[in-house]
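Colleague: The following block contains the structure, expressed as structure tokens.
Each value in this text was obtained by applying a stated rule to the coordinates, not by laboratory testing. Just so it is clear, the model here is predicted, and its values are computed rather than measured. Every residue, glycine among them, receives a Cβ derived from its backbone with ideal geometry; neighbour counts consider all protein chains shown.
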């Protein structure tokens with residue numbers, strides 16, 4: 001059967017999944033084997049959506065930097081905005097941490113890198129232009145703590161609120177189209193490097209929404225998929241419910257909704273804790289999507305104006321709309337965008353990357369994810385193509401994706417249970433770090449783990465000489481002490497500092 005005849009017959013016989021009218025619709029097909037529901041999508045459509053999501057993410061991130069943390073008590077006042085990257089895109093933590101992962105996934109031909117691999121990537125590439133929880137992660141790696149412990153509630157005082165669960169997740173939604181549970185699992189593998197608890201629910205929320213945007217343009221359906229991906233006991237659920245209700249009550253007054261969000265979810269005295277926290281930023285991202293009404297420019301304007309960590313919120317919201325609209329539509333708008341992705345922050349990573357080549361990498365990884373989850377590409381299941389089955393020229397082919405229903409893949413972490421489990425698991429490592437012959441790094445790790453897990457006092461009482469060595473080893477880690485004592489806001493940071501002082505660890509005079 002000729003390819004053109006096959007496509008025509010499929011379009012006649014099979015129901016279409018809803019997509020935006022600007023792009024060709026994929027073809028929905030129920031598998032005869034009973035192995036699940038599938039969607040077939042022309043490669044040109046799916047790949048255009050991946051590239052659209054990436055470009056929109058870059059626009060939201062880099063155009064949003066001018067508004068980052070500028071609007072706190074009151075919103076911004078952006079009325080007009082034209083998306084543009086006249087000098088091209090550049091690396092920034094909203095995209096370049098994911099870039100490091102994507103390049104490694106592409107080279108390893110797997111979407112799930114292991115803890116040691118992730119630590120190696122961070123030590124080699126991610127050493128500058130990182131903040132908050134990601135900076136704390138890097139310091140924990142210095143004393144030999146690997147993911148996911150680097151993002152544990154017990155060991156990282158940023159982990160229970162930091163927005164790294166959001167701004168380091170979007171690309172993982174792009175590599176798992178129509179597979180929200182897979183998108184969430186992949187996303188969690190990487191965001192757990194720096195977060196846990198409620199922020200892990202935001203990873204599931206936004207990866208599921210991005211994944212779902214490949215097969216529907218209806219924003220309420222996309223939001224419903226996101227909510228279905230969250231633990232029902234999560235605080236994210238009422239946040240989204242509030243924003244949706246306020247939007248419905250004030251459809252023409254986004255400022256009213258912004259004020260309601262500010263008043264209810266400004267929870268702490270620390271400005272850093274609030275604007276870097278999942279509560280305000282999740283609410284702002286959802287509000288931008290609702291008030292944006294599927295329009296990319298309007299969505300970005302609202303993300304900027306809602307404020308707080310605006311570039312993060314704009315990048316996440318824009319990725320969803322970018323998937324819906326697609327790259328082709330975006331290029332037709334006449335926006336000034338140079339096809340460059342300049343490496344300004346990640347030494348030893350490629351220096352000649354472009355937005356196009358970044359997108360190529362994401363597409364290649366997406367192919368692996370699709371096939372590893374029961375899907376296929378046209379050339380891999382025997383139907384004729386005009387390019388003789390060359391997967392590097394996939395625009396003339398089709399992707400056949402096993403569709404997943406959205407659902408929660410990881411429940412909320414219980415901090416008390418986590419600490420209890422870690423106490424049991426880490427005791428041998430702590431003992432080894434306090435034994436004769438331990439290296440300075442091992443001693444520092446033992447001391448840090450003991451302080452975080454409430455084991456310092458009994459060790460100090462029974463083995464004062466060894467505990468003195470552990471404290472001395474920690475004092476040889478000034479970068480770790482600096483983030484412990486001076487860069488960890490909120491209750492978790494206060495609790496850690498109190499425990500450290502009680503254990504005899506002194507704040508260095510060089511910290512602020």
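Colleague: Of all DSSP beta bridges in the chain, what percent run antiparallel (nearest 5)?
Modeller: Details: 13 of 16 bridges.
Restricted to the chain, the bridges split so that about 80 percent are antiparallel.
Colleague: In addition: Any idea what angle helix 236-249 forms with the longest principal axis of the chain, computed on alpha-carbon atoms, 0 to 90 degrees, nearest 10?
Modeller: That helix lies at roughly 50 degrees to the long axis.
Colleague: Here's another thing I want to ask about it. How far is helix 296-306 tilted off the main Cα axis of the chain, in degrees rounded to 10, range 0 to 90?
Modeller: The angle comes out at about 20 degrees.
Colleague: Right, next: What spacing in nm lies between the two simple spin-label points modelled at residue 472 and residue 440, each 7 Å away from Cα in the Cβ direction?
Modeller: That separation, rounded to one decimal, is 1.1 nm.
Colleague: Take the alpha carbon atoms of segment 42-68, find their center, do the same for segment 154-191, and report the distance between the two centers in whole angstrom.
Modeller: 17
Colleague: So, one more: How high is the relative contact order of segment 415-502, in percent, counting Cα pairs under 8 Å that sit 6 or more residues apart?
Modeller: Details: 67 pairs, mean separation 21.9, N = 88.
It rounds to 25 percent for segment 415-502.
Colleague: Taking the beta-carbon count within 10 Å as an exposure proxy, list 364, 79 from fewest neighbours to most.
Modeller: Values: 364 17, 79 7.
Going from sparsest to densest Cβ surroundings: 79, 364.
Colleague: Something else about it: Consider the candidate values (i) 23.7; (ii) 25.5; (iii) 24.9; state which one is Kirkwood radius over Cα pairs in Å computed from the structure displayed.
Modeller: (i)
Colleague: For residue 80 and residue 340, what does the FRET efficiency come to when R0 = 22 Å and r is the distance between their Cβ atoms, rounded to the nearest 0.05? Kindly include the intermediate steps, with their values, before the conclusion.
Modeller: Working: r = 26 Å, r/R0 = 1.16.
With a Förster radius of 22 Å, E is 0.30.
Colleague: On a C-alpha basis, how far is the centre of segment 342-367 from the centre of segment 481-512 in Å? Whole number, if you could?
Modeller: 38
Colleague: Can you tell me the length gained on complete extension of the stretch residue 357 to residue 332, counting 0.36 nm per residue apart and subtracting the Cα distance?
Modeller: Values: separation 25, 0.36 × 25 = 9.00 nm, distance 1.99 nm.
Result for the pair: 7.0 nm of gain on full extension.
Colleague: Could you tell me which of rounded, prolate or oblate describes segment 415-502, using a ≥ b ≥ c as the square roots of the eigenvalues of the alpha-carbon gyration tensor, with rounded for a/c under 1.5 and, failing that, prolate when a/b is larger than b/c and oblate otherwise?
Modeller: Details: a/c = 1.77, a/b = 1.21, b/c = 1.47.
Judged from the Cα gyration tensor, segment 415-502 comes out oblate (a/c at least 1.5, b/c at or above a/b).
Colleague: What is the spin-label model distance, in nm, from residue 218 to residue 507 if the labels are put 7 Å beyond Cα along the C-beta direction?
Modeller: Modelled inter-label distance: 5.5 nm.
Colleague: Please arrange 325, 476 by how many other C-beta atoms lie within 10 Å of their C-beta, fewest to most. Spell out each step's value before the answer.
Modeller: On the way: 325 27, 476 13.
Listed from fewest to most nearby Cβ atoms, that is 476, 325.
Colleague: Once R0 is set to 41 Å, what does the formula 1/(1 + (r/R0)^6) return for the Cβ-Cβ distance between residue 124 and residue 269, expressed as a FRET efficiency to the nearest 0.05? Numbers along the way, then the final one.
Modeller: On the way: r = 38 Å, r/R0 = 0.93.
Efficiency at R0 = 41 Å is approximately 0.60.
Colleague: If you don't mind, there's one more thing I want to ask. Take every Cα pair under 8 Å in the chain that's 6+ residues apart, average their separations, divide by the length, and report that relative contact order as a whole percent.
Modeller: Result for the chain is 23 percent.
Colleague: Going by the alpha-carbon gyration tensor, a ≥ b ≥ c the square roots of its eigenvalues, is segment 251-318 rounded (a/c under 1.5) or, if a/c is not under 1.5, prolate (a/b greater than b/c) versus oblate?
Modeller: Since a/c reaches 1.5 but b/c is at least a/b, the shape of segment 251-318 is classed as oblate.
Colleague: Out of every Cα pair in segment 39-155, what percent are spaced more than 25 Å from each other?
Modeller: 43
Colleague: Go ahead and estimate [θ] at 222 nm for the chain from helices alone: -39,500 (n - 2.57) per DSSP H run with n ≥ 4, summed, over the residue count, rounded to 500. Can you show the working numbers first?
Modeller: On the way: 24 runs with 285 residues, N = 512.
After summing the helix terms and dividing by the residues of the chain, the value is -17000 deg cm²/dmol.
Colleague: Let me ask something else. Set the Förster radius R0 to 51 Å, insert the Cβ-Cβ distance between residue 295 and residue 465 as r into 1/(1 + (r/R0)^6), and round the FRET efficiency to 0.05.
Modeller: Numbers: r = 67 Å, r/R0 = 1.31.
The value I calculate is 0.15.
Colleague: Can I ask one more? Rank the residues 442, 80 as a footprinting-exposure proxy: fewest other Cβ atoms within 10 Å of their Cβ go first. Display every interim value, and only then the final one.
Modeller: Working: 442 20, 80 6.
The fewest-first ordering by Cβ neighbours comes to 80, 442.
Colleague: What angle do you read, to the nearest 10 degrees and between 0 and 90, between the alpha-carbon axis of helix 96-108 and the longest principal axis of the chain?
Modeller: 70
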